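To keep things clear, I will list the structure first and then write my remarks on it.
The values are calculated or read from the model by the stated rules, or taken from the named source; none is laboratory data. Keep in mind the model is a prediction, meaning the values are calculated, not measured. Backbone-built Cβ (ideal geometry, glycine too); neighbour counts: all protein chains shown.
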Amino acid sequence: MTQAEIETVYDALAAAIDGAGAGKSELFLAKLALLLSRRLGDATAVLDCIAEARRHLED
Amino acid sequence: MRPAGKGATESLYFDYPRFDPPQGAARAALDAPARAVIVGAGPVGMTAALALAREGVASVLLDDKSTFNDGSRAICVSRSSFQILDRLGVVGPFLDKALGWTTGRSFYRGRQILEFEMPDSADEKFRPMYNLEQQYIEAFLWQAVAGCDLIDARWQSEVTGVADREGGVAVTVRDPQGCYTIPADWVLACDGARSAVRGMRGLRLKGENFEGRYVIADVQMEHDYPTIRRALFDPDCRRGGTVLIHRQPDNIWRIDYQLAEGEDAEEATREDVVRDSVAAVLKDIGHEGPWELEWWSVYSANTLALDDYRDGRVFFVGDSAHVVPIFGVRGLNNGLADAMNIGWKLGWVLTGRAGPALLDSYTPERRGATLDVFANASKSARFMTPPSHGWRVMRDAALSLALDHEFAGQLANPRQMTPYVYARSPVVRADDPGFAGGPSAGDVLPDARVGDGHLSDRLGPGFTLLCFDAGLSRALAGEAGMQAMVLEPGSAAARRLAAGPGSAYLLRPDLYIAARWHDARAEDVIAAYRAAICKSGD
Ligand SMILES: Cc1cc2nc3c(=O)[nH]c(=O)nc-3n(C[C@H](O)[C@H](O)[C@H](O)COP(=O)(O)OP(=O)(O)OC[C@H]3O[C@@H](n4cnc5c(N)ncnc54)[C@H](O)[C@@H]3O)c2cc1C
């Protein structure tokens, strides 16, 4: 993915989280994670990403 | 519980019998020695008595009540339970009355997200699941028990003591006319989840307590829907909750709904509250006609078991040994499998056909099955009653996705009832890696079409060696308790068993596979048979 593509995704995610409305962003992100995992078709890679994403949450 | 003004057994569809305690001349021999005493004539105790009788062993069966259990309680009876009832020769009335089913449907906010089919085919003699009220289960078992000379059943007879004595157990019984003590060789404690025998032996169930609580209510109504399990997630009638609906015989419908976290169980089981909750569910499923409330109760999802199902000469069987959540529909089904397992084993040991070490295989096999239920049930429970925020978010994500994506709907599949494999049992031989498929050693035998009937109809009463070579069967003719059965190579049965012309399967009386060989030799079969009945030393 190019830098420009990442930015497009970044913008779309921000808009979708806002669009999900109060209290629904978590549900939206969980659905998205399941869908992306299925597209990726690689459970190990997903588990790696889960571990990555858990880092620095408290900062 | 029943509606105000009704007695505990005043049912809309079932006439409860009333049983007297032993009377008159029968009382003279109440304290005669017994080879086996069974405490509790619930479904498990009666099945255990029938399993012992099938092996020619007499028993005394004691129950403190004067009739059957008060409500329909367990209603889903699995194929493996029907196979047990068939082996015991009592399946007829069950088949006539029960409603067989194969399909489940799950709905999320009123829209169907999943339809699942449980495995079924013409090779199977029985459907994967049947719905039948527990009173009928008990009544049909009782019919067989009452007609069996080897079972001395005594109602209104409460066991108040089980003390070890030289070579046995002293069982103290109290009935309306007095107290007496039976010197027994063995005791089967089938006295349910609150087992008094367990307490008397100083034993405790251990494990996790799930907080999930359900109200189960039965209503009678004319309602046009096939026998299909319906699960309603987050329906209008119970936002955030889950509702299950099952059809039972006699126009009875089971409605089963989860209580919310803060909901008070006492309040939720008040008659007017139950009526309102049921009415809301019926509105959701489009039932507009009249209905009558039959019975209701509250049930919590626990996973508890004894560490050892054997305590000296006392065996714990059914709910006295384990309490499991209802989602896997294993409470009763697991108990029947326990009863069959200990029944044939104790029967073979008491008639000298098996060595006493066979009894030590009861706990690893049946407790293993319970732990397996716990693992599966915990998975279902987490979906039905998410225990924390994280589980709830993911569950809701899956349900929401399932509206358009089949893979997410599969997460709602309860995967009910595949019998546990006794792979690590001390009396099951390690599986033969020579097979490219078929059931493995420790698995229950899959049925198959043979001629115009089924394989399971043709098995011997004890062990059966299924083989495809008449020469092998002749070499085993001298083994007592084992019968060989020669099947056609290339037949439907051979395909289901992934068998070649030299293959053989050794089946136990409970239809579990004790050993299998892709290319069997007679001396290996004989050695495995003797190991399976703990007679190798003879
Ligand atoms: C309210 C309720 C709802 C349930 N719902 C479901 C369900 O929806 N699905 C499901 O799969 N399972 C359900 N179960 C569980 C299911 O009913 C049990 O798994 C099943 O009944 C177990 O059979 P059992 O024979 O081991 O025990 P029980 O049926 O409990 O039988 C034990 C018997 O022992 C007798 N007894 C007890 N103490 C003594 C004594 N000291 N002396 C003599 N006799 C004694 C009792 O009177 C009773 O008859 C439910 C249970 C309850 C209580």
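For region B:219-299, list the strands (runs of 3 or more DSSP E) that sit wholly inside it and hold at least 3 residues that are over 29 Å from B:G5 (Cα atoms); which are they? I'd like the intermediate steps shown before the answer.
Details: elements: B:229-233, B:242-248, B:252-258.
Output list reads B:229-233.
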For region B:45-52, state whether one or more residues are within 11 Å of the ligand (Cβ to nearest atom) and farther than 14 Å from B:E138 by Cα.
-> no
Here are B:P439, B:P419, B:P387: which of them is at pLDDT 90 or above and part of a loop (DSSP other than H, G, I, E, B)?
-> B:P439
Output the residues belonging to region B:234-250 that are at pLDDT 90 or above and over 15 Å from B:L282 (Cα atoms).
-> B:Q248, B:P249, B:D250
Those residues of region B:24-44 that are within 15 Å of the ligand (Cβ to nearest atom) and either under 16 Å from B:T172 (Cβ atoms) or modelled with pLDDT under 95 (or both) come to a total of 6
List the pairs whose first member sits in region A:42-59 and is at negative phi, whose second member is of a type in the set (S, T, N, Q), and whose Cβ atoms are under 9 Å apart, counting only residues at least 6 apart or on separate chains?
-> A:A43/A:S37; A:A45/A:S37; A:V46/A:S37; A:C49/A:S37
Just need a number here: residues in region B:49-67 that are out of contact with any strand residue (DSSP E or B) (no Cβ under 6 Å at 6 or more places or on another chain), surrounded by 24 or more Cβ atoms within 10 Å (Cβ to Cβ) and over 14 Å from B:M340 (Cα atoms).
-> 1
Filter region B:37-93 for residues that are among the basic types (K, R) and assigned to a loop (DSSP other than H, G, I, E, B); the one that is nearest to B:R508 (Cα to Cα) is B:R73
Given the conditions (1) small (G, A, S); (2) buried (at least 24 other Cβ atoms within 10 Å of the Cβ); (3) in a strand (DSSP E or B), every one holds for B:G100 apart from (2)
Scanning region B:450-480 for residues that are surrounded by 15 or more Cβ atoms within 10 Å (Cβ to Cβ) and assigned to a loop (DSSP other than H, G, I, E, B), which turns out farthest from the chain's Cα centre (by Cα)?
-> B:D469
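This table checks each residue for (1) among the small types (G, A, S); (2) away from chain A (no Cβ under 14 Å); (3) more than 10 Å from the ligand (Cβ to nearest atom).
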position	(1), (2), (3)
B:V173	no, yes, no
B:T181	no, yes, yes
B:G192	yes, yes, no
B:S195	yes, yes, no
What number of residues within region B:202-216 are of a type in the set (A, V, I, L, M, F, W, C), away from the ligand (no atom under 11 Å from the Cβ) and touching a helix residue (DSSP H, G or I) at 6+ places or on another chain (Cβ under 7 Å)?
-> 1
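Residue by residue, here is whether (1) among the small types (G, A, S); (2) more than 17 Å from B:F407 (Cβ to Cβ) holds:
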| site | (1), (2) |
| --- | --- |
| A:E5 | no, yes |
| A:L13 | no, yes |
| A:A16 | yes, yes |
| A:G19 | yes, yes |
| A:K31 | no, no |
| A:S37 | yes, no |
Which pairs have Cβ atoms under 6 Å, sit 6 or more apart or on different chains, and link a residue in region B:265-289 that is under 15 Å from B:D224 (Cα atoms) to one that is in a loop (DSSP other than H, G, I, E, B)?
-> B:D284/B:P235; B:H287/B:H223; B:G289/B:E222
Looking only at region B:271-304, count how many residues are of a type outside the set (S, T, Y) and within 13 Å of the ligand (Cβ to nearest atom).
-> 6
When (1) within 13 Å of the ligand (Cβ to nearest atom); (2) not in a strand (DSSP E or B) are applied to B:V159, the one that fails is (2)
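Listed here are the residues, each with its yes/no results for (1) away from chain B (no Cβ under 13 Å); (2) in a loop (DSSP other than H, G, I, E, B).
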{"position": "A:E7", "(1), (2)": "yes, no"}
{"position": "A:G23", "(1), (2)": "no, yes"}
{"position": "A:A30", "(1), (2)": "no, no"}
{"position": "A:L34", "(1), (2)": "no, no"}
{"position": "A:D48", "(1), (2)": "yes, no"}
Determine the pairs where a residue that is within 14 Å of B:V427 (Cβ to Cβ), located within region B:496-523, has a partner that is buried (at least 24 other Cβ atoms within 10 Å of the Cβ) and among the polar types (S, T, N, Q) with Cβ atoms under 8 Å apart, the partner being 6 or more residues away or on another chain.
-> B:D510/B:N341
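Restrict the check to region B:305-324 and report whether at least one residue is more than 12 Å from the ligand (Cβ to nearest atom), within 28 Å of B:E266 (Cα to Cα) and not in a helix (DSSP H, G or I). Can you show your working first?
If we filter region B:305-324 for residues that are more than 12 Å from the ligand (Cβ to nearest atom), which is where we start, we get B:305-315.
Cutting the leftovers down to within 28 Å of B:E266 (Cα to Cα) gives us B:305.
Subset that is not in a helix (DSSP H, G or I): B:305.
Yes, region B:305-324 contains at least one residue that is more than 12 Å from the ligand (Cβ to nearest atom), within 28 Å of B:E266 (Cα to Cα) and not in a helix (DSSP H, G or I).
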Pick from region B:251-298, criterion modelled with pLDDT of 95 or more and of a type in the set (F, W, Y), ranking: surrounded by the most Cβ atoms within 10 Å (Cβ to Cβ) = B:W295
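Answer with yes or no whether B:G199 is more than 27 Å from B:L336 (Cβ to Cβ) and either within 16 Å of the ligand (Cβ to nearest atom) or more than 14 Å from chain A (Cβ to nearest Cβ) (or both).
No: the conditions fail for B:G199.
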Yes/no for B:E158 being out of contact with any Asp or Glu (no Cβ under 9 Å at 6 or more places or on another chain) and charged (D, E, K, R) | no
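From the list B:F116, B:F126, B:F140, which one is away from the ligand (no atom under 15 Å from the Cβ), more than 30 Å from B:P33 (Cβ to Cβ) and under 16 Å from the mean Cα position of the chain (by Cα)?
Working: B:F116 fails: under 16 Å from the mean Cα position of the chain (by Cα); B:F140 fails: away from the ligand (no atom under 15 Å from the Cβ).
Just one listed residue meets the conditions, B:F126.
Per-residue answers, yes or no, for (1) modelled with pLDDT of 95 or more; (2) surrounded by 18 or more Cβ atoms within 10 Å (Cβ to Cβ); (3) in a helix (DSSP H, G or I):
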residue	(1), (2), (3)
B:G104	no, yes, no
B:D120	no, no, no
B:L141	yes, yes, yes
B:T172	yes, no, no
Which residue out of A:A4, A:A30, A:A43 is in contact with a helix residue (DSSP H, G or I) (Cβ under 8 Å, 6 or more places away or on another chain) and loosely packed, with under 10 Cβ neighbours inside 10 Å?
-> A:A43
Filtered residues of region B:340-378 (kept if within 17 Å of B:A36 (Cα to Cα) and of a type in the set (S, T, N, Q)) = B:N341, B:T351
